[in-house]
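Take a look at the structure below.
The values are calculated or read from the model by the stated rules, or taken from the named source; none is laboratory data. Model, not experiment: these values are computed from the prediction. A quick note on method: Cβ atoms are made from the backbone with ideal geometry, for glycine too, and the neighbour counts reach across all protein chains shown.
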Amino acid sequence: MRNPPDPLSTPVLSWNTRQDADVVVVGAGIAGLVFALRLPPSLNVIVVTKGALGESNTRYAQGGLAAAVGPDDDPDLHFADTIAAGAGLCDVAAVRTLVDEGVAAVQWLEAHGTTFDEVGDRHVRALGREAAHSRSRVLHAGGDATGAEIERSLVRQLRIRPSVSLLEHTAAIDLVTDGGDSCRGVIVQTDGSPSRTLLAAPVTVLANGGAGQLWAVSSNPPGATGDGIAMALRASVVVADLEFTQFHPTVLAADGIEPFLVSEAVRGEGAYLRSVSGERFMTAIHPMAELAPRDVVARA
Ligand SMILES: Cc1cc2nc3c(=O)[nH]c(=O)nc-3n(C[C@H](O)[C@H](O)[C@H](O)COP(=O)(O)OP(=O)(O)OC[C@H]3O[C@@H](n4cnc5c(N)ncnc54)[C@H](O)[C@@H]3O)c2cc1C
């Protein structure tokens, strides 16, 4: 007798209706929204998100976004800091792209309506200092509501883009391939609907975010369940670097409250970490003390 199929490893490959597009983007955090908005308006694009548009990890990002925009900074310094913090594990080409294109990415966000905090009244960006950075290079918005401001501006842009159709409260379930290396689209299901739809497109982008909800305590929203990774694995897509999960050093998890992250900007502004006995312990562990790389502080 054959074992019943394992729902975790067996893809759902049936659908009731079909909709065609040039590009399907799964996920409406910063990755999915920026990808969709950077496509030529001549393309017919569908963006699918399993919650309300705007609900994402992006919305909860706090302290800010690092880019070498300051007058005392340059991408090579940002590169050196990132490589040092990566403890020999960085993908050097990816770091190079990140630091070289970071400044232009900030300008693109500003051109699309993101307002970062400024100092004074001369339109000088306010830059915070965070762990492992040798310069103040963290742009922020609304104090520690950076992600909410970025998500707000991108959502606004998406809603006025006529070439983009939006499917909210709609979960991507599985990829459909040609049996080989080509993806033909993705099967989706809207909340409360009994039927599934194939969104067929020559290009399907998975921008589902992470899998923080796999842990018992997490600062991530409920939707961070690693669906994109699971779909990719079920479709035999090669995935990489799954061993890397960030454990943020300062999250307040106490009985009776939702755990919430205490932004690193607090330490950037001079806060110390102390043990239950009041001892400041990071000075004995790393020369940068409270501003050591996050993994070092988390392990301490
Ligand atoms: C509390 C907190 C604070 C943070 N602070 C910072 C910070 O200061 N600086 C920083 O750089 N980073 C910060 N981060 C990390 C940052 O928010 C994320 O790295 C980033 O937002 C990830 O963007 P994303 O677009 O890849 O994913 P997300 O923003 O998570 O977007 C994923 C999208 O996919 C959708 N989705 C998921 N599964 C499905 C499915 N099956 N079908 C359809 N849609 C699906 C979700 O609904 C969502 O719209 C923070 C994160 C948290 C949680």
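So here's what we get for this one:
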item	result
Residue in the stretch 66-80 that is at negative phi and within 10 Å of the ligand (Cβ to nearest atom) present	yes
The stretch 263-300: number of residues that are out of contact with any Asp or Glu (no Cβ under 9 Å at 6 or more places or on another chain), surrounded by fewer than 17 Cβ atoms within 10 Å (Cβ to Cβ) and assigned to a loop (DSSP other than H, G, I, E, B)	11
Residue within the stretch 123-131 that is in the same structural domain as residue 65 (by TED's automatic domain parsing), surrounded by 20 or more Cβ atoms within 10 Å (Cβ to Cβ) and over 29 Å from residue 226 (Cα atoms) present	yes
Test for residue 258: is it closer than 19 Å to residue 64 by Cβ, at pLDDT below 90 and either out of contact with any His (no Cβ under 9 Å at 6 or more places or on another chain) or among the small types (Gly, Ala, Ser) (or both)	no
Output for the stretch 138-153, where each listed residue is within 12 Å of the ligand (Cβ to nearest atom), in contact with a Leu (Cβ under 8 Å, 6 or more places away or on another chain) and of a type outside the set (Val, Ile, Thr)	139, 140, 151
Residue, nearest to the ligand (Cβ to nearest atom), within the stretch 204-228, restricted to residues that are in a helix (DSSP H, G or I) and either in contact with a Ser or Thr (Cβ under 7 Å, 6 or more places away or on another chain) or modelled with pLDDT of 95 or more (or both)	227
Pairs with Cβ under 6 Å, 6+ apart, first in the stretch 41-57 and over 17 Å from residue 211 (Cβ atoms) and at pLDDT 95 or above, second assigned to a loop (DSSP other than H, G, I, E, B) and near the ligand (Cβ under 8 Å from one of its atoms)	47/28
Residue 51 vs. criteria surrounded by fewer than 19 Cβ atoms within 10 Å (Cβ to Cβ) and within 8 Å of the ligand (Cβ to nearest atom)	yes
Count of residues meeting criterion [more than 25 Å from the chain's Cα centre (by Cα), within 16 Å of the ligand (Cβ to nearest atom) and under 30 Å from residue 153 (Cα atoms)] in the stretch 9-33	1
Subset of the stretch 40-66 (residues that are small (Gly, Ala, Ser) and out of contact with any Lys or Arg (no Cβ under 6 Å at 6 or more places or on another chain))	42, 51, 52, 54, 56, 61, 63, 64
Residue list for the stretch 154-172, filter: surrounded by fewer than 17 Cβ atoms within 10 Å (Cβ to Cβ), of a type in the set (Gly, Ala, Ser) and either within 10 Å of the ligand (Cβ to nearest atom) or not in a loop (DSSP other than H, G, I, E, B) (or both)	165
Some residue of the stretch 77-86 being under 20 Å from residue 210 (Cβ atoms) and either among the charged types (D, E, K, R) or part of a helix (DSSP H, G or I) (or both)	yes
Single residue of the stretch 122-137 satisfying the filter (of a type in the set (A, V, I, L, M, F, W, C) and either assigned to a loop (DSSP other than H, G, I, E, B) or under 17 Å from the mean Cα position of the chain (by Cα) (or both)) that is nearest to the ligand (Cβ to nearest atom)	131
